[in-house]
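Please read the structure below before turning to the comments.
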Amino acid sequence: MRAFQIDETDGLRCEVVEVPTPHRGDGEVLVAVQWSGVNYKDAMVAEAGSRVRRASRLIGGVDAAGVVVASDDPDLPDGTTVAVHGGVLGVARDGGFAQYVSAPRAWISPLPAGLSSHDAMAMGTAGLAAMASVLALEDRGTLDGEILVTGASGGVGSIAVSLLAARGHQAVASTGSASAAEWLRTRGASRVIGRDDVADRPDRVLGTPQWAGAIDCVGGTTLANILRSLRYGAAVAASGLVAGAELATTVYPFITRNVALLGIDVVEAPPEVRGRLWRELATTVARIDLAALVERTIGLADLAGTLDDLRAGAVRGRVLVDPAAH
Ligand SMILES: NC(=O)c1ccc[n+]([C@@H]2O[C@H](COP(=O)([O-])OP(=O)(O)OC[C@H]3O[C@@H](n4cnc5c(N)ncnc54)[C@H](OP(=O)(O)O)[C@@H]3O)[C@@H](O)[C@H]2O)c1
């Protein structure tokens, strides 16, 4: 089969190779990949000296979707449409940038009726993180007002904007890409602001209380600024670190405005949580123009260049990978 391999055994090489179809391990499920998606983590895995990757040579791709071709689980007969994601897929063992992938049962999510493998990868791990963020805020129950979404033109951000709008919430998109403003309004943003506009009253301990909630995949100073500007009782759902892993803040937002910092992880999420996320996505995407979230569809041979684009912040929305395309 054809696969996109990252090999740093002797300098870094990221290229399409011909390798044997994987052997299905004990308790594993073999999936014929129909679609994969490109995530920020894939770009981190494919970097020289990556601190995320845990193997010197592996097939990339932290998620994929397709049909089961071999399984010993009666709940996953051949032909079941599934998504494969999470654990150390594409990080410490071969991932979804290939025509076949074998993975432990716990990383396989049967897709709800009505959600195709293409829909699932139009969402992908980024969409799961966006859905988990929306649900975390809804579960807290304080979404009456403007909800800030940072990194809005990226995978997590753009899907979060669409999901919030589709579920009747007021999404304000923050982006560093001025040219993405109209695109974000079409995705459902009620207002678009710049990256720098998230900072408010830097001379004071706290900013103006303006956000009824926030979805942040940027981290660093952006997350610290959000915490200072949440309204009383509001929360920010934090899933990412594209601007940095450090968080310098004070306790004031927590002890004077009763705000919450909600951690979001979908990689290690247990099956019942994944199930809820896919079900909620299936009902919500019916109200979303999914095709418009996909910037482009590529083949394995285009991956190296696309990962460079992602690192440079030059990708808007989602990029889907068709492993059969030449
Ligand atoms: N916790 C989880 O389970 C989980 C799951 C999926 C993803 N993630 C994390 O979420 C983050 C986003 O992933 P993604 O796939 O959506 O990535 P992405 O498509 O590359 O989007 C990231 C967006 O962040 C903005 N950005 C980029 N560099 C920035 C910088 N230096 N400062 C401020 N903003 C910057 C850009 O949007 P604008 O140009 O619009 O500002 C960019 O499009 C990553 O850290 C990823 O690892 C976590």
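Any read-out appearing in this document is the output of simple, stated calculations on the displayed coordinates, not a laboratory observation. Values in this document were obtained by computation on a predicted structure and should not be read as measured data. FYI the Cβ positions are ideal-geometry reconstructions off the backbone, even for glycines, and counts take in every protein chain you see.
Remarks
- Residue in the stretch 7-16 that is of a type in the set (Lys, Arg) and touching a helix residue (DSSP H, G or I) at 6+ places or on another chain (Cβ under 9 Å) present: no
- Against the conditions (1) within 9 Å of the ligand (Cβ to nearest atom); (2) more than 19 Å from residue 86 (Cα to Cα); (3) of a type in the set (Ser, Thr, Tyr); (4) part of a helix (DSSP H, G or I), residue 125 satisfies every one except (2).
- Filter pass, residue 133 being out of contact with any Ser or Thr (no Cβ under 9 Å at 6 or more places or on another chain), within 13 Å of the ligand (Cβ to nearest atom) and in a helix (DSSP H, G or I): no
- Any hit, the stretch 62-85, residues being touching a Lys or Arg at 6+ places or on another chain (Cβ under 9 Å), hydroxyl-bearing (Ser, Thr, Tyr) and within 30 Å of residue 313 (Cα to Cα): no
- Residue ID - farthest from residue 309 (Cα to Cα), chosen from residues in the stretch 39-58 that are of a type in the set (A, V, I, L, M) and part of a loop (DSSP other than H, G, I, E, B): 55
- In the set 79, 95, 61, only one residue is more than 16 Å from the ligand (Cβ to nearest atom), more than 19 Å from residue 283 (Cβ to Cβ) and either assigned to a loop (DSSP other than H, G, I, E, B) or touching a Phe, Trp or Tyr at 6+ places or on another chain (Cβ under 7 Å) (or both); that residue is 79.
- Screening 306, 283 for residues that are among the polar types (S, T, N, Q) and surrounded by fewer than 17 Cβ atoms within 10 Å (Cβ to Cβ) leaves exactly one candidate, 283.
- Failed condition for residue 167, given (1) closer than 29 Å to residue 322 by Cβ; (2) touching a residue at least 40 places away in the same chain (Cβ under 8 Å): (1)
- Of the helices (runs of 4 or more DSSP H) lying entirely inside the stretch 149-258, those containing at least 2 residues that are within 11 Å of the ligand (Cβ to nearest atom) and buried (at least 19 other Cβ atoms within 10 Å of the Cβ) span 155-166, 181-187, 220-228.
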